[in-house]
Amino acid sequence: MNSTLKLVERQIASSDLRKRLDTACNPPGRFYSPDGVAFGPCLLISRECGSGGSQLAQLAGERLGWNVFDSRIVDEIAHAANVHKRLVETVDEHIHSLWEQNWREFLLDELPDKKYLDHLRQVVMTLGHHGNVVLVGRGAQFLLPHQCGLRVRLVAPLDLRIRDVAEAEGISFEQARARVKAVDAERSAFVWKVFRKDINSPLNHDVIINIGDIKLEIATRTVLSMLQDKLGFKLNSPALTATHA
């Protein structure tokens, strides 16, 4: 948890610095909701189990100079009262009030694990509000405005994913097959239960990449190029420098 708190502190520090730098301009890549609340820029990644989504997120984050929050870290923040409080308090109360009004009728309120889901929503929306962040999983693309980031889904042939999981975790192919199918089912069920969305529908993503025959390096470069094209950024690796589109 200490590493998660440190990551949150780095994100807060990065956001505070950019706020000071952005006071004199309207930075490109930021999306402003009808209420005037800023979001992004973000890279939002969903993935099939074993498809390389986490690796792509880390590569992209390094080149963008952005912090990476995967589903495990987001869950830790949502469950840890002190870390959750530290992150959420970085957002103005007025903005929180607007978010609560906009989400009052959302399905989250009807679910039994409402407290966790409320915290999850607050974490994702706060990170999206900060911007300059890579978010992996947990339905981030359904919580944040689609205009604030690039929504990417990573897929790969089942046999390839089973092999990679078996090698990475040192388990048998039979165990890996069961794990891949269970994780895929859990992720799909979560998105359907909370958002009533089909995680596999191409309409819920800007781009779907099959890495079966595409190297992770090429997939990463493709994603960064599309992020640039969608949000009007000029990529200067290893950092992302914003310029007007």
- Message: Please count how many residues of the stretch 1-18 are modelled with pLDDT under 65 and over 20 Å from the mean Cα position of the chain (by Cα).
- Response: 1
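Considering only residues of the stretch 100-136 that are assigned to a loop (DSSP other than H, G, I, E, B) and open to solvent by 10 Å² or more (accessible area, probe 1.4 Å), which is modelled with the highest pLDDT?
Here the answer is Asn132.
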- Any chance you could count how many residues in the stretch 62-93 are open to solvent by less than 40 Å² (accessible area, probe 1.4 Å) and assigned to a helix (DSSP H, G or I)? 11
- If we scan the stretch 151-166, do we find a residue that is modelled with pLDDT of 90 or more, of a type in the set (Val, Ile, Thr) and touching a His at 6+ places or on another chain (Cβ under 9 Å)? yes
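For Asp164, are the conditions met, namely being of a type in the set (Asp, Glu), in contact with a Gly (Cβ under 7 Å, 6 or more places away or on another chain) and within 19 Å of Asn210 (Cα to Cα)?
The answer is yes for Asp164.
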- Single residue of the stretch 167-182 satisfying the filter (hydrophobic (A, V, I, L, M, F, W, C) and buried (at least 16 other Cβ atoms within 10 Å of the Cβ)) that is farthest from Leu117 (Cα to Cα): Ala176
- Only unsatisfied item for Glu48, checking (1) at pLDDT 95 or above; (2) closer than 23 Å to Glu9 by Cβ, is (2)
- Flag if Val180 is within 17 Å of Ser51 (Cα to Cα), in contact with an Asp or Glu (Cβ under 9 Å, 6 or more places away or on another chain) and β-branched (Val, Ile, Thr): yes
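The values are calculated or read from the model by the stated rules, or taken from the named source; none is laboratory data. Since this is a predicted model, take the numbers as computed values, not measurements. Because the Cβ atoms are built from the backbone with ideal geometry, glycine has one as well, and the counts that use them run over all protein chains shown. Accessible surface areas use protein heavy atoms only, side chains included; no ligands, DNA or RNA. Shrake-Rupley method; radii C 1.70, N 1.55, O 1.52, S 1.80 Å.
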